[in-house]
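These notes concern the structure reproduced below.
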Amino acid sequence: MAGAALTGVAQGAIVQASETETIRLPPPIGRPERLARLAKARALMRQHGIGAIIVESGASLDYFTGVQWSRSERLTAAIIPVAGDPIIVTPFFERPSVAESLGVPAEVRVWQEDEEPLALVADFLRQRGVADRPIGFEGTNRCFILDRLHQSLPGANVVSANPVVRASRMIKSPAELALMQSAADIMIAAYRSVGPRISAGMTPADIGAMIDSAVSALGATPEFALVLIGEASAYPHGSHQPQIVAPGEIVLLDCGCSVHGYQSDISRSFVFGAKPSAEQRKVWMQMRRGQDIAFAAAKIGAPAGSVDDAVRNAYESWGYGPRYALPGTSHRTGHGIGMEVHEPVNLVHGEMTPLAPGMCFSNEPGIYLPGKFGVRLEDCFHMTAAGPQWFSNPPPSIDRPFA
């Protein structure tokens, strides 16, 4: 569950990553920061003329309130008004569990199984005097909530909550950056532990289990472990064909973990048990150069899409593409990252959002040769006033993939 606390690891603990390496785990996001988030949200609502926003279960609910809850057909949501404390709407029988993680002042209003939860929402909006003002709808909210809100509040003027929620979550605070740095450090440490233990005959599941075990031992929560071997590495999200580690084959690892709900996403590609072929080495070095081109293009104020354009222009000059055609890069150069591994905005052609300090992105312009192999190196960075800064440093060569 996004935002879940670390299990069995004390806040601020120091975890032994190796005989010579330790990783300090920062504390989770606390009440003062969440109160500041609510204050910023209210300021943005005033700026955009929004009377309240509705945020259902998921990362954004955790972001503003600390409530960590999975989505189901039963509505649990926060209604954050432009003035005053929010409320949490949840089923009656879930109240104790929801209240446990509530990290801000908020009234918990409950509904019974034979009642309409959106009627509670409509009543609250009327009580706060904002029922006739635009109501912001968080971008991942499900359609049934909107339909039933209109039934309970006919004529409701529902607008996008992106100017509030997205604008808040895109810019990470120092505390958020520290958690993401810790997640990246743990993922790199896990790679260093597992990489030398990969052996011939292993399957993706074998390697993934080793990575998850290493991540857990280092105090983080495993989130995903995508392992692609041989030709499967030519397809960004893999193949269902059987795969085993063999000398001379590309092994592509794309794995992530979280620390107090904040994500890492790091990929490494290498050749197992043999010297890389000339083609493997060339493609690896070109892809690695693509990361540098993206990093150099990430300038404060530049449109996010210009980073993707810079990489694609270089790749096309090397004979790849054009655009998303293969062989070449069939996906965007990078995505936003934070409490979710994929967040707005993306480093993709046409994205005009200007880069600003506190934004965080993956940098992964993989190169894929269908029928042969692919190479993806992925490291995340965050924007500072002086430009981009890596969370994890890209590897120096195909011969030293975990350096």
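The values are calculated or read from the model by the stated rules, or taken from the named source; none is laboratory data. Being a predicted model, the structure only gives us computed values, none of them experimental. Methodologically, a virtual Cβ is constructed for each residue, glycine included, from the backbone with ideal geometry; neighbour enumeration extends over all protein chains shown.
Of all the helices (runs of 4 or more DSSP H) wholly in the stretch 123-205, which have at least 3 residues that are in contact (Cβ under 8 Å) with a residue 12 or more places away in the chain and polar (S, T, N, Q)?
In the stretch 123-205, 174-194 are the helices (runs of 4 or more DSSP H) which contain 3 or more residues that are in contact (Cβ under 8 Å) with a residue 12 or more places away in the chain and polar (S, T, N, Q).
Which ones in the stretch 333-347 are in a loop (DSSP other than H, G, I, E, B) and aliphatic (A, V, I, L, M)?
Hits for the stretch 333-347 are ILE337, MET339, VAL341.
Residues in the stretch 6-49 that are assigned to a loop (DSSP other than H, G, I, E, B), at pLDDT 95 or above and more than 18 Å from LEU102 (Cα to Cα): how many?
Total meeting the criteria: 2.
Scan the stretch 22-73 residue by residue and report those that are among the hydroxyl-bearing types (Ser, Thr, Tyr) and in contact (Cβ under 8 Å) with a residue 60 or more places away in the chain.
Residues satisfying the conditions are SER60, TYR63, SER70.
Could you list, ordered by first residue, the pairs with Cβ atoms under 6 Å in which the first is in the stretch 271-286 and part of a loop (DSSP other than H, G, I, E, B) and the second is crowded, with 18+ Cβ neighbours inside 10 Å and modelled with pLDDT of 95 or more, at least 6 apart or interchain?
That search, which allows pairs on different chains as well, returns PHE272/VAL245; PHE272/GLU249; PHE272/VAL251; PRO276/ILE398.
Under the condition of being within 23 Å of the chain's Cα centre (by Cα) and assigned to a loop (DSSP other than H, G, I, E, B), which residue from the stretch 240-269 is surrounded by the most Cβ atoms within 10 Å (Cβ to Cβ)?
Checked the stretch 240-269; the qualifying residue surrounded by the most Cβ atoms within 10 Å (Cβ to Cβ) is SER264.
Quick grid of which residues meet (1) at negative phi; (2) surrounded by 17 or more Cβ atoms within 10 Å (Cβ to Cβ):
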residue: GLU340; (1), (2): yes, yes
residue: GLY350; (1), (2): no, no
residue: PRO354; (1), (2): yes, no
residue: TYR368; (1), (2): yes, yes
residue: GLU378; (1), (2): yes, yes
residue: MET383; (1), (2): yes, yes
residue: PRO388; (1), (2): yes, yes
residue: ILE398; (1), (2): yes, yes
residue: PHE402; (1), (2): yes, no
